[in-house]
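Participant: Please read through the structure below; I'll follow up with questions.
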Amino acid sequence: MKKLILIFALLINSNFALAQEIEFTDAISQDMFVDFSKEFGTALLFSPMAPAEPLGVLGFDVSLDMMFTDISDTAEFWINMVDDSDPFSYLPTPRLHIQKGLPFGIDIGAMYTAVPNTNIKLIGIEAKYALLEGSMFTPALSVRASYTQLQGVDDVDISTQSLDMLVSKGFLMFTPYGGVSLTRISSSENSNLVDLEDVSETGYRALAGLQFSPFPLLVINGEVSIGEVPQFGLKIGFRF
């Protein structure tokens, strides 16, 4: 467990060697703002990082998640939007993620992100309802809704919403899961340097993940989302 946490910490630190503040310049056009909102908004989505099966009334899940979003780091809008003009190849967003099981197959959760050496902070909430709780022979099926709000970046307001349909089936220590998502990204600029129209983008993506439980309570997740902007995730936590 200590080695896993150390690897996770090194993975985070290796991506935050340089400061990367999000700041507007007068070189940002409306088309650039739309492209930026799509990619940055995808990085701010609250990905499930958990299978469809509910936690149960006594269930609890607390984890450290690390998301990587494959942004267009050579695009002009990204170069103009970070203060050192050298954006990450994959935008990393570490988060503290907590989930709690409730009666009737309902789970609720929250997450908080503060990206080191940047002005990026993020809060999010989620709720999941199990249409099928799953059994030894049948899969679990659930619907999930989530919301996030960007904080810390003065020049832009961004919020995201997503609606997911998830399915999973456990086998021994492994629980593969998959799903589809309807997403919405809403952004508006607050800079005195430009006057841009608000952006509202709706999109779709597919996701697949695998939860691995090598020891009681310990879970390790890998997840990938494929849409207009690819995203990858790693999770280490305790689930019971």
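Values in this text are rule-based calculations from the coordinates and carry no lab data. Since we're looking at a predicted model, the values are computed, not measured. Note that each Cβ is placed from the backbone with ideal geometry, even for glycine, and that neighbours are counted across all protein chains shown.
Participant: Using the Karplus curve 6.51 cos²θ - 1.76 cosθ + 1.60 with θ = phi - 60°, what ³J(HN,Hα) values do you get for each residue of the stretch 211-228, in whole Hz, with x for Gly and Pro?
Facilitator: Per-residue couplings from phi come out as 9, 10, 10, x, 9, x, 6, 7, 10, 10, 10, x, 9, 10, 10, 10, x, 4 Hz.
Participant: Would you compute, for the Cα atoms of the chain, the largest minus smallest coordinate along each principal axis and list the three values in descending order, in whole Å?
Facilitator: That gives 58, 36, 25 Å along the principal axes, largest extent first.
Participant: What residues of the stretch 51-70 lie in the reach of a label at Phe174, counting those whose backbone N is under 16 Å from a point 7 Å from the Cα along Cα→Cβ?
Facilitator: Only 51 pass the distance filter.
Participant: Still on this structure, please answer the following. Could you sort 208-219, 63-74 so that the peptide with the highest average Cβ count within 10 Å comes first and the rest follow in order? Before the final figure, lay out each step's value.
Facilitator: Details: 208-219: 14.9, 63-74: 18.7.
Sorting 208-219, 63-74 by mean packing, highest first, produces 63-74, 208-219.
Participant: Report, to the nearest 10°, how far helix 30-43 tilts away from the longest principal axis of the Cα atoms in the chain, using its own Cα long axis and a range of 0 to 90°.
Facilitator: The two axes meet at around 30 degrees.
Participant: Moving on. Please list, in order along the stretch 158-173, the HN-Hα scalar couplings obtained from phi with the Karplus expression 6.51 cos²θ - 1.76 cosθ + 1.60 (θ = phi - 60°), rounded to whole Hz, x for Gly and Pro.
Facilitator: 9, 10, 10, 9, 9, 10, 10, 10, 10, 9, 8, 8, x, 9, 6, 8
Participant: Could I ask something else about it? Return the distance in nm (one decimal) between the two label points of a simple spin-label model at Asp86 and Ile226, each offset 7 Å from Cα along Cα→Cβ.
Facilitator: 3.4 nm
Participant: Can you work out ³J(HN,Hα) from phi for every residue in the stretch 96-106, in order, using Karplus 6.51 cos²θ - 1.76 cosθ + 1.60 and θ = phi - 60°, giving whole Hz and x for Gly and Pro?
Facilitator: Ordered by residue, 3J(HN,Hα) equals 8, 10, 10, 10, 9, x, 10, x, 6, x, 9 Hz.
Participant: Can you give me the Cα centroid spacing of the stretch 195-227 and the stretch 107-176 in angstrom?
Facilitator: Cα centroid of the stretch 195-227 versus Cα centroid of the stretch 107-176: 7 Å apart.
Participant: For the chain, what is the mean residue ellipticity at 222 nm derived from helices alone (per DSSP H run of n ≥ 4: -39500 (n - 2.57); sum divided by total residues; nearest 500 deg cm²/dmol)?
Facilitator: So the calculated ellipticity at 222 nm is -4000 deg cm²/dmol.
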